[in-house]
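Every number in this text was worked out from the coordinates using simple rules, so none of it is lab data. These figures come from a predicted structure and were not determined experimentally. In this analysis, Cβ positions are derived from the backbone assuming ideal geometry, glycine residues included, and neighbour counts consider all displayed protein chains.
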Amino acid sequence: MVLVSDEDLQRLAEEKGPTSAEAQALAQLKSQRGQDLQVHCFRVGDMYVTGTLPEATEPASVDLDIIDALRKSRKE
């Protein structure tokens, strides 16, 4: 899930036209914000969804094996 900025969504909607998924997502976003909702647009694969920012329910974990592999790849 990738947060899409309003500017990027507006630009994509203009480039791809009024029937594009981007234009539909922009219209939905504007409609929801017109109801005083604090919503944002997210891209999930090739789809767009609007909603609130997700809240973290658990702290991020660190995978030491991945960190070690990244460090080794930088040295090579």
Query - Point-to-point label distance, ASP63-GLN35, nm (Cα→Cβ direction, 7 Å offset) - result: 3.8 nm
Query raised in the report: Once phi is turned into ³J(HN,Hα) by the Karplus curve 6.51 cos²θ - 1.76 cosθ + 1.60 with θ = phi - 60°, what whole-Hz value does each residue of segment 25-38 show in order, with x for glycine and proline?
Result: 5, 5, 4, 5, 4, 5, 5, 5, 5, x, 8, 6, 8, 8
Requested in this report: Tell me the label-point distance for the pair ASP46, SER20, using the 7 Å Cα-to-Cβ offset, in nm and rounded to one decimal.
Outcome: 1.5 nm
